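Beneath this line is the structure, given in structure tokens, with notes to follow.
The values are calculated or read from the model by the stated rules, or taken from the named source; none is laboratory data. The structure displayed is predicted, hence computed values, not measured ones. Cβ placement follows ideal geometry from the backbone for every residue including glycine, while neighbour counts extend to all protein chains displayed.
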Amino acid sequence: MIEVYTANTPNGVKVTIAMEELGQPYTLHRVKLSENEQKSPAFLQLNPNGRIPAIVDTEGPEGAPLPVFESGAILMYLAEKFGGLLPKTPVRRIEAIEWTFFQAAGIGPMFGQSGVFRRREEPIEFALTRYRDESQRLTEVLESRLKDNAFLAGPELSIADIAHFGWLDNGEKYAGIDLAALPAVRRWRDAMRARPAFQRGLEVLR
């Protein structure tokens, strides 16, 4: 059984969506971020960085429980354990991994910082511009990729799509990006929103 420790954030929804897409049972533990539960000694045993999400595979390698943290690592672990969400062909597989790392190294940090500075009561114009513009640039990279591909790894859904979705689902509001001139990203986002497993993965955290 996969024990999922998470909350309703762009990173947090990745794991519930992945589990729903994989069609695997899981136990959900909602982490109360407002009460700093992610900093509790018990949670720090799962993730020493004190961030959600984290999982525990109660039937890990050789049958021993295994905690896994970092959302990208969790997605890869689940895909490999259950045999889904990673393409079988070598080229498509590495493309899925590349775009997953693109989210972890670019989209997540830049969108996150953009959101932080947009929420400040006293705006810092340089920071607002810096992170909004970089968020927009990164989204334009996704636009180039999605113009000729239904999904980020090509013709099939992968962990790369799940990694990006939470951030792009409300990208205009959260990071200040402008999707008006990015029809491929809008098409992709709408397609992800329409998937029943995505809907279930979001609903359990509302």
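In the set (1) closer than 24 Å to Q24 by Cβ; (2) free of Cβ contacts under 8 Å to residues at least 60 places away in the same chain; (3) surrounded by 15 or more Cβ atoms within 10 Å (Cβ to Cβ), A64 fails one condition alone, (3). Considering only residues in region 68-93 that are charged (D, E, K, R) and farther than 27 Å from F43 by Cα, the one that is surrounded by the most Cβ atoms within 10 Å (Cβ to Cβ) turns out to be R92.
Looking only at region 1-18, which residues are of a type in the set (V, I, T) and either assigned to a strand (DSSP E or B) or in contact with a Ser or Thr (Cβ under 8 Å, 6 or more places away or on another chain) (or both)? Those that are of a type in the set (V, I, T) and either assigned to a strand (DSSP E or B) or in contact with a Ser or Thr (Cβ under 8 Å, 6 or more places away or on another chain) (or both): I2, V4, T6, V13, V15, T16.
Of the candidates D133, D161, D148, the single residue that is modelled with pLDDT of 90 or more and in contact with a strand residue (DSSP E or B) (Cβ under 6 Å, 6 or more places away or on another chain) is D161.
Find the residue count for region 119-163, including only residues that are in contact with a Lys or Arg (Cβ under 9 Å, 6 or more places away or on another chain), within 20 Å of L86 (Cα to Cα) and assigned to a helix (DSSP H, G or I). Within region 119-163, residues that are in contact with a Lys or Arg (Cβ under 9 Å, 6 or more places away or on another chain), within 20 Å of L86 (Cα to Cα) and assigned to a helix (DSSP H, G or I) number 4.
May I ask you to verify whether R186 is within 23 Å of L202 (Cα to Cα), surrounded by 13 or more Cβ atoms within 10 Å (Cβ to Cβ) and among the basic types (K, R)? Yes.
Can D161 be described as surrounded by 24 or more Cβ atoms within 10 Å (Cβ to Cβ) and not aliphatic (A, V, I, L, M)? Yes; evaluated as a whole, the condition is true for this residue. Given the criteria in contact with a helix residue (DSSP H, G or I) (Cβ under 7 Å, 6 or more places away or on another chain), modelled with pLDDT of 95 or more and either among the β-branched types (V, I, T) or surrounded by 17 or more Cβ atoms within 10 Å (Cβ to Cβ) (or both), does A96 qualify? In short, yes.
Put simply, of F102, F82, F69 the only residue that is touching a helix residue (DSSP H, G or I) at 6+ places or on another chain (Cβ under 6 Å) and either among the hydrophobic types (A, V, I, L, M, F, W, C) or more than 15 Å from A163 (Cα to Cα) (or both) is F82.
Go through K81, K88, K32, K39 for me and flag whichever is in contact with a strand residue (DSSP E or B) (Cβ under 8 Å, 6 or more places away or on another chain) and of a type outside the set (A, V, I, L, M, F, W, C). So the residue among K81, K88, K32, K39 that is in contact with a strand residue (DSSP E or B) (Cβ under 8 Å, 6 or more places away or on another chain) and of a type outside the set (A, V, I, L, M, F, W, C) is K81.
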